[in-house]
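The values are calculated or read from the model by the stated rules, or taken from the named source; none is laboratory data. If you're wondering where the values come from, they're calculated on a predicted model, not measured in any experiment. Positions of Cβ are generated from backbone atoms using ideal geometry, with glycine treated the same way; all protein chains shown enter the neighbour counts. For accessibility, only protein heavy atoms count, side chains too; no ligands or nucleic acids. Shrake-Rupley method; radii C 1.70, N 1.55, O 1.52, S 1.80 Å.
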Amino acid sequence: MLATLMASIVLVAGLSAASPATADATTFAPTTLLGTVLPAQAGTGGAAASRYVFINSAPQLRGDASVGGLLTVDVSLTRAYVSPAGGTPSISYSWTRDGAVMPGVTGQSYRPTAYDLGHVVAGNLTVTYDSASQTTVQAANPLRIAATARERGFNGDGTMDIFARDSSGRLLLYPTDGHGNWQPTQVIGWGWNAFNLLVSPGDFDGDGTVDVMARDNQGRLFLYQGNGSGGWKQAFQIGQGWQGFTDLIAPGDFNGDDTNDIIAKDYAGNIFLYPGNGHGGWLAPQKIGQGWNGLSAVGAGHFFSNADLVVLGRDTAGNIGAHTGHRNGWFEDYGMPGSYAGNIGWGWESVSRFGVAGDFNGDGDPDVWGIDSSGRLTMYLGDTSGFLSAGIYGYRWKGSPVVGWGWGAFTGVF
């Protein structure tokens with residue numbers, strides 16, 4: 001993902017180009033230009049004369065805008081110009097929280113902390129030729145930071161984990177090291193065969209740790225509070241009458257109010273948003289779509305490298321469709337049932353169970369796991385690099401390694 005920034009920054013005055021300098025950059029998909037270019041200020045006294053410094057388009061702020069996620073100032077489409085031409089510029093970065101500069105935060109990427117929750121974070125790029133000739137521009141799309149997402153894992157190390165329930169009702173945790181390897185499996189619960197639907201919403205109660213929801217045969221919904229180290233605090237009931245739903249999807253903060261939410265699908269294919277209140281309870285639900293009765297829906301991720309949440313659903317033909325939300329409580333409407341955005345996978349009819357849990361191999365892109373009829377666990381490694389140039393039809397997979405066997409014996413995986 002890392003490239004050379006100044007290889008993509010062309011320094012021009014009229015038709016002249018200066019020699020590029022080098023620094024790291026990250027390439028993501030472009031969005032609408034929002035930044036404002038600030039021209040260089042005139043020098044005073046004996047300082048060098050000011051030259052006009054400007055850029056062709058603002059950089060973009062990309063990534064996962066949740067606590068523990070990773071945000072990056074994307075400069076892949078940014079070009080800097082100076083007039084009169086000459087000299088080699090330096091570049092630097094700064095970050096603001098609600099407009100105030102964060103001291104000491106000067107990298108191209110930033111990982112939001114619990115202190116950022118509910119605040120708007122922005123990244124800034126400064127291009128400097130000399131003390132009197134520089135420009136600073138804010139990356140487009142400053143982002144409000146949401147609660148910890150399910151992708152941060154259950155055991156507190158910030159990496160992807162998978163939950164699995166065996167036939168005896170034990171709940172197992174399969175942690176990863178963030179680099180495509182499994183850590184030792186842990187038994188984290190017993191008696192979980194009393195539940196017929198399991199999902200992890202991320203941090204649902206506002207304590208910063210990842211939680212689990214479970215529905216029993218009576219339609220009661222329970223919240224199991226994670227303690228941030230692979231164990232539990234307590235469990236309590238947070239709803240009843242949930243037997244009317246076939247799927248519970250954990251999209252993260254779907255409506256942009258900083259708290260994690262649940263999307264529920266009923267037997268008729270209608271989908272409803274149940275917004276979390278950030279304290280283990282609910283705000284008023286609302287219907288947000290229909291026509292999902294032909295889809296097996298799973299979790300969401302940042303599959304396009306921006307702040308949009310993408311829910312994946314498999315149709316009866318085995319296609320994996322992407323359904324995009326902009327953290328405003330609705331799916332983007334493409335004029336088709338279920339707000340369908342396009343396919344990013346084909347031939348998935350052979351996969352008996354699949355889901356989204358985070359980034360398995362540590363490359364910054366969310367991955368999808370799938371279990372086939374023989375019990376093999378395959379990890380489908382996401383690749384967002386083609387989305388920048390070709391949109392959803394440029395989405396690819398880096399590979400599909402088999403990372404486990406015997407997973408067909410589990411009665412629940414999430």
Potential extension, THR126-GLU349 segment - 0.36 nm per residue separation minus Cα distance:
75.3 nm
With each pseudo-label sitting 7 Å past Cα toward Cβ, what's the ARG376-ASN277 distance in nm, one decimal?
4.8
Could you bin all the Cα-Cα distances of the range 267-328 into 10 Å bins starting at 0 and give me the percent of pairs in each, rounded to whole numbers?
20, 44, 32, 4
Taking the Cα-to-Cβ direction at SER83 and at TRP397 and moving 7 Å from each Cα, how far apart do the two end points lie in nm?
5.0
Take the Cα atoms of the range 314-399, find their three principal axes, and give me the spread along each one in whole Å, biggest first.
38, 30, 24
With the full set of protein chains in place, find how many percent of the accessible area of the range 351-414 is carbon and sulfur; take the probe as 1.4 Å.
54
Straight-line reach from LYS265: which aspartates and glutamates have a Cα under 13 Å away, not including same-chain ones fewer than 8 places off?
ASP247
As a test of the formula, what do you get for the chain when each DSSP H run with n ≥ 4 contributes -39,500 (n - 2.57) and the sum is divided by the residue count, at 222 nm and rounded to the nearest 500 deg cm²/dmol?
-500 deg cm²/dmol
Nearest-0.05 FRET efficiency for GLN240 and ALA100, computed from C-beta distance (R0 30 Å):
0.10
Under 8 Å for C-alpha pairs, at least 6 residues apart: give me the relative contact order for the chain, rounded to a whole percent.
12
Put +1 on the Cβ of every Lys and Arg and -1 on every Asp and Glu Cβ in the chain; which of GLN234, PRO89, PRO184 then has its Cα farthest towards the positive end of the dipole?
PRO89
For semi-axes √(5λ) of the Cα gyration tensor in Å, the choices are (i) 43, 21, 20; (ii) 33, 25, 22; (iii) 45, 31, 21; which was calculated from the structure?
(i)
Determine the per residue accessible area of the chain with all protein chains present and a 1.4 angstrom probe, expressed in square angstrom.
40
Need the full-extension length gain, ASN293 to TRP182, defined as separation in residues times 0.36 nm minus the C-alpha distance. One decimal, nm.
36.5 nm
